[in-house]
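Engineer: Pasting in a structure now, in structure tokens, and then I'll have a few things to ask.
The values are calculated or read from the model by the stated rules, or taken from the named source; none is laboratory data. Everything quoted here is computed from the prediction, not taken from an experiment. Here the Cβ positions follow ideal geometry from the backbone for every residue, glycine too, while neighbour counts run over all protein chains shown. The area values use the complete protein model at the heavy-atom level, side chains included, leaving out ligands, DNA and RNA. Shrake-Rupley method; radii C 1.70, N 1.55, O 1.52, S 1.80 Å.
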Amino acid sequence: MFKISRELNEMKYNGESIKLAIMGAGKMGTSLISQLANIDAMEVKLVIDRTPQKAIEALKKAGVAEDKIIYTDDYNEGYEILEKGYVCVSTNYRLCYKLLQINAVLDCSGNPSFGAVIARKTIQYHKHMISFNVECEATVGPVLHDMAKKAGVVYTGILGDEPGAIIDLCENAFGMGLDVLVAGKGKNNRLDEYATPESLKEEAKEKKLSAKMLTSFVDGTNTMIELTSVCNALGFLPDTFGCHGIASSPETAVEDFKLKQDGGNLDNYKVVEFSTGMAPGVFIIVTSDKEDVRDLMKFLGFGDGPNYLMYRPYHLTSLEAPITIFKAVVENEATIAPIQGQVADTVTIAKRDIKKGETLDGIGSEKVYGKITSHTRSIKEDLLPIGMITEKTVATVDIPKDTLIDMTMVEVDDRATVTRLRRRQNSMKL
């Protein structure tokens, strides 16, 4: 009972702490820094950001005295800063995995290409990798998970993101002996696959988000990537290309997520889905073949069965991350990891005509968006995972609007870590 707070209190009493490096002082990184200030025995010791003042302001808002914050890009100076009990701010991302005092690195960058660099090096330096970067995890997560296992560290997503929250529900269901049929999330924004950063500029400003981030939410790419992460953890697949996107509610979900032959919308079970009516929560549909279990579920108000809804009406992003940090560093356990391998992929579709020689720009851009499909199809048709796109990915032919882009249509950055990891992952059949 109260295991996390008890053990952290004991660590504090013994003069011990979990020392953390945070990559990125944007919306997620800043809120995480503030939240960790309330947690015993979890210390933010290093914040990396391209704009050091953002990191300094985030630390000050969290209650760190300005005279305790020191900027440096030098390893030796960084080591001394941490040894003397100060907090380091830097633009040098290499410090996060090189500084010996750091126990775990948290990637809040949201950039799959950069995230692949950070994750690979962090694991190689035998530090735990805690990723808010689901874009990276959905693209090269299986090979990073394999590397982490061999290095004796943890590679994990966070509880507060929808994929982690879905797996939390599944853990409860499996622990009760229930069978999970559907794993899904609510979609928090309207769906407009042709949304662009320009069309969402004012809305992004109001929500204090980058226009590219909001675009990835509205055009559905973020939802597809998150469901890819769930597939790679559970072994589930989308029921159809891009999912159905079923309009539902907690009151109607059990009926809506039945098979078509039973009056629902699905062709198969063991699938992932999203729903406009279930936001901002996550949900699973479960069942049991035991008559006594069904009788009890009916008595408990879950309906006549045989299917039942388990619904978590929220996900708290960075606020729940300390739970993942504890599990990773203290218990050596992941919250969500791609243990089933690359089961699904989020592949790339053209939002508009793309001319030969143009860069594709990637997630949240005005050129492409992503949809989820099976990894088997992705490999068979040589499709381009959207998380592989870097600033150097160029169209080698004219690509018409709405084209499902394959690898023959583009030149990828062969030197990028994400490209090399993905090819290694494919060769290992992970």
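Engineer: Please calculate how many Å² of accessible area the chain carries per residue, with a 1.4 Å probe and no DNA, RNA or ligand atoms counted. Write out the running numbers ahead of the final one.
Structural biologist: On the way: 18690 Å² over 430 residues.
That works out to 43 Å² for each residue.
Engineer: While we're on this one: Give me Rg over Rh for the stretch 69-160, both radii from the alpha carbons and Rh done the Kirkwood way, two decimal places. Walk me through the numbers on the way to the answer.
Structural biologist: Numbers: Rg = 13.4 Å, Rh = 13.5 Å.
Using Cα coordinates only, the ratio equals 0.99.
Engineer: Please state the charge dipole magnitude for the chain, taken about the Cα centre, from unit charges on C-beta atoms (+1 on K and R, -1 on D and E), reported in debye and rounded to the nearest 20. Please report the intermediate quantities before stating the final value.
Structural biologist: On the way: 51 positive and 60 negative charges, 196 e Å.
Using only the charged Cβ atoms, the result is roughly 940 debye.
Engineer: Taking every Cα atom in the stretch 218-300, find the radius of gyration and the maximum pairwise distance Dmax, and write them in Å.
Structural biologist: Considering the stretch 218-300 through its Cα atoms, Rg and Dmax are 13.9, 44 Å.
Engineer: A further question on this structure: Find, among the GluC sites (Glu not before Pro) in the stretch 223-286, those assigned to loop by DSSP (not H, G, I, E, B) with at most 13 other beta-carbon atoms within 10 angstrom. Provide the component values of the computation, followed by the final result.
Structural biologist: Details: sites: Glu226, Glu251, Glu255, Glu273; in loops: Glu251.
Qualifying residues, ordered by number: Glu251.
Engineer: Out of every Cα-Cα pair in the stretch 256-344, what percent are more than 19 Å apart?
Structural biologist: Values: 2378 of 3916 pairs.
So the pairs more than 19 Å apart make up 61 percent of the total in the stretch 256-344.
Engineer: Under the rule a/c < 1.5 gives rounded, and otherwise a/b versus b/c splits prolate from oblate, where does the stretch 82-218 land using the Cα gyration tensor?
Structural biologist: Numbers: a/c = 2.14, a/b = 1.17, b/c = 1.83.
Oblate, because a/c is 1.5 or more while a/b does not exceed b/c.
Engineer: Ok, one more. Given Cβ point charges of +1 (Lys, Arg) and -1 (Asp, Glu) and nothing else, what value in debye, to the nearest 20, does the dipole of the stretch 1-148 about its Cα centre take? The partial results should precede the final answer.
Structural biologist: Details: 17 positive and 18 negative charges, 31 e Å.
It works out to roughly 140 debye.
Engineer: Can you compute 3J(HN,Hα) from phi for each residue in the stretch 253-261, using the Karplus curve 6.51 cos²θ - 1.76 cosθ + 1.60 with θ = phi - 60°, rounded to whole Hz and x for Gly and Pro?
Structural biologist: 4, 4, 6, 5, 9, 8, 5, 4, 5
Engineer: Could you state the orientation-averaged shadow area of the convex hull built on the Cα atoms of the chain, in nm² to one decimal? Kindly include the intermediate steps, with their values, before the conclusion.
Structural biologist: Values: hull surface 86.4 nm².
Projected area, direction-averaged: 21.6 nm².
Engineer: Using label points projected 7 Å from each Cα along Cα→Cβ, tell me how many nm separate Lys60 and Asp398, to one decimal.
Structural biologist: 5.4
Engineer: List, in order, the whole-Hz ³J(HN,Hα) value for each residue of the stretch 146-158 obtained from phi through the Karplus relation with A = 6.51, B = -1.76, C = 1.60 and θ = phi - 60°; use x for Gly and Pro.
Structural biologist: 5, 4, 5, 4, 5, 8, x, 10, 10, 10, 8, x, 9
Engineer: Under Stokes-Einstein, with the Kirkwood radius over Cα pairs standing in for Rh, what whole-number D in µm²/s applies to the stretch 272-430 at 37 °C and 0.692 mPa s? Don't skip to the answer; put the middle values down first.
Structural biologist: Working: Rh = 19.2 Å.
This corresponds to a translational diffusion coefficient of 171 µm²/s.
Engineer: I've got another one for you. State the percentage of accessible surface on the chain attributable to carbon and sulfur atoms; use a 1.4 Å probe and exclude ligands, DNA and RNA. Don't skip to the end; give the middle numbers.
Structural biologist: On the way: 9210 of 18690 Å².
With neighbouring chains kept in place, the figure for the chain is 49 percent.
Engineer: Hey, how many Å between the Cα centroid of the stretch 6-65 and the Cα centroid of the stretch 225-242?
Structural biologist: Distance between centres, Cα-based: 32 Å.
Engineer: A follow-up question, please. With a Förster radius of 25 Å, plug the Cβ-Cβ distance of Glu171 and Met1 into 1/(1 + (r/R0)^6) and report the FRET value to the nearest 0.05. The partial results should precede the final answer.
Structural biologist: Numbers: r = 18 Å, r/R0 = 0.72.
Once the sixth-power term is evaluated, E becomes 0.90.
Engineer: Take Ser374 and Arg352, extend 7 Å from each Cα along the Cα→Cβ direction, and tell me the distance between the two endpoints in nm.
Structural biologist: Taking the simple label geometry, Ser374 and Arg352 are separated by 3.6 nm.
Engineer: Ok, one more. Tell me which trypsin sites (Lys or Arg not before Pro) from the stretch 51-97 have a DSSP coil assignment and no more than 12 other beta carbons within 10 Å of their own. Could the numbers behind the result be given before it?
Structural biologist: Numbers: sites: Lys54, Lys60, Lys61, Lys68, Lys84, Arg94; in loops: Lys84.
Loop-located and lightly packed - Lys84.
Engineer: For the stretch 306-315, what does the Karplus curve 6.51 cos²θ - 1.76 cosθ + 1.60, with θ = phi - 60°, yield as ³J(HN,Hα) per residue in whole Hz, taken in order and with x for Gly and Pro?
Structural biologist: Going residue by residue, I get x, 9, 9, 9, 10, 10, 10, x, 7, 9 Hz, with x marking Gly and Pro.
Engineer: Hand me the trypsin sites (Lys or Arg not before Pro) from the stretch 171-275 located in a DSSP loop with no more than 13 other Cβ atoms within 10 Å, in residue order please. All intermediate terms of the calculation are to be shown ahead of the outcome.
Structural biologist: On the way: sites: Lys185, Lys187, Arg190, Lys201, Lys205, Lys207, Lys208, Lys212, Lys258, Lys260, Lys270; in loops: Lys187, Arg190, Lys208, Lys258, Lys270.
Taking the stretch 171-275 and a limit of 13 other Cβ atoms within 10 Å, the loop trypsin sites (Lys or Arg not before Pro) found are Arg190, Lys208.
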